[in-house]
Amino acid sequence: MIYTIGREFGSGGHEIGAEFARWLGIPLYDKEFIETAENASGIKAEILEQADERKENRWLYTVHYNAAEDFRGMSANEILFKIQSRLVLEYASKSDCVIVGRCANHILDNAGIKHLSVFIAAPLEARIKRISNIRALTEKEAAALIAKTDKQRKSYYEYYTGRSWGMPCGYDLCMNSASFGIEQTAEAIANFRGMIK
């Protein structure tokens, strides 16, 4: 079984995915996409990180003519999405795994690959508090970062999938991580998984 996790920024989606993957003893894929994409595209990781889970900006469009042959003339955002899509399918074909973000639920749906899609959310106040603590930011700075990141994720997801980001009907399971915390949310997903096997 493949597990995909969409998440609001600050909800702990990565940590929940990591805990869930650890319990099951299966790989977690998240930031690893960047290193593989750098090797495949010939574009530096710093540039790809700026494009990760972001829709391209038409006004700041940079064409990469020095990219690997398959990707010449494309923006970093397009290159990264194409590579990540390939990797999602590759990882799914190898073994059970947890994939965080990257429109993975949509990519797997299109390929007809069975998976469990989860969306992790939390109230804004809880996310502000969490990001403030983790990143040593003021509440105002944390709120601004959350708004910016969620906006980027939403526009990225909706641009590449044509679906509504975070809408419950687009996922098999939606969880409020503030209700249970990281470990218990991961446990709840594991329990749900057990019910449908």
May I ask you to list the residues of segment 98-123 whose amide nitrogen lies under 19 Å from a point 7 Å from Cα along the Cα→beta-carbon direction of K31? 98-103
So for R0 = 25 Å, FRET eff. of K114-M167 from the Cβ-Cβ r, to 0.05, ends up at 0.75
Give the order of Y91, Y159, Y29 when sorted by the count of other beta carbons within 10 angstrom, beginning with the fewest. Y159, Y91, Y29
Against the 2.2 N^0.38 Å scaling, with N counting residues, where does the chain land? I'd like the Cα-based Rg ratio to two decimal places. 1.03
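For a quick check: sort S132, S95, S41 by the number of other beta carbons within 10 angstrom, fewest at the front.
In order of increasing Cβ crowding within 10 Å: S95, S132, S41.
Rounded to the nearest 20 debye, what is the charge dipole size of the chain about its Cα centre when +1 sits on each Lys and Arg Cβ and -1 on each Asp and Glu Cβ?
Dipole about the Cα centre, nearest 20: 360 debye.
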For the chain, how many pairs of lysine residues have a Cα-Cα distance under 17 Å, where the two are 8 or more positions apart or belong to different chains? 13
Under 5 Å from the placed amide H of T4, counting only residues 5+ away or on other chains, we find I99, L116, S117, V118
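Can you sort I120, I43 so the residue with the fewest Cβ neighbours within 10 Å comes first? Display every interim value, and only then the final one.
Numbers: I120 27, I43 22.
So the residues, fewest neighbours to most, are I43, I120.
A short reminder: the numbers here are calculations on the coordinates, not readings from a lab. Bear in mind that the values here come from a model prediction, so they are computed numbers and not experimental data. Neighbour counts are summed over all protein chains in view; Cβ atoms, including those assigned to glycine, are modelled from backbone coordinates with ideal geometry.
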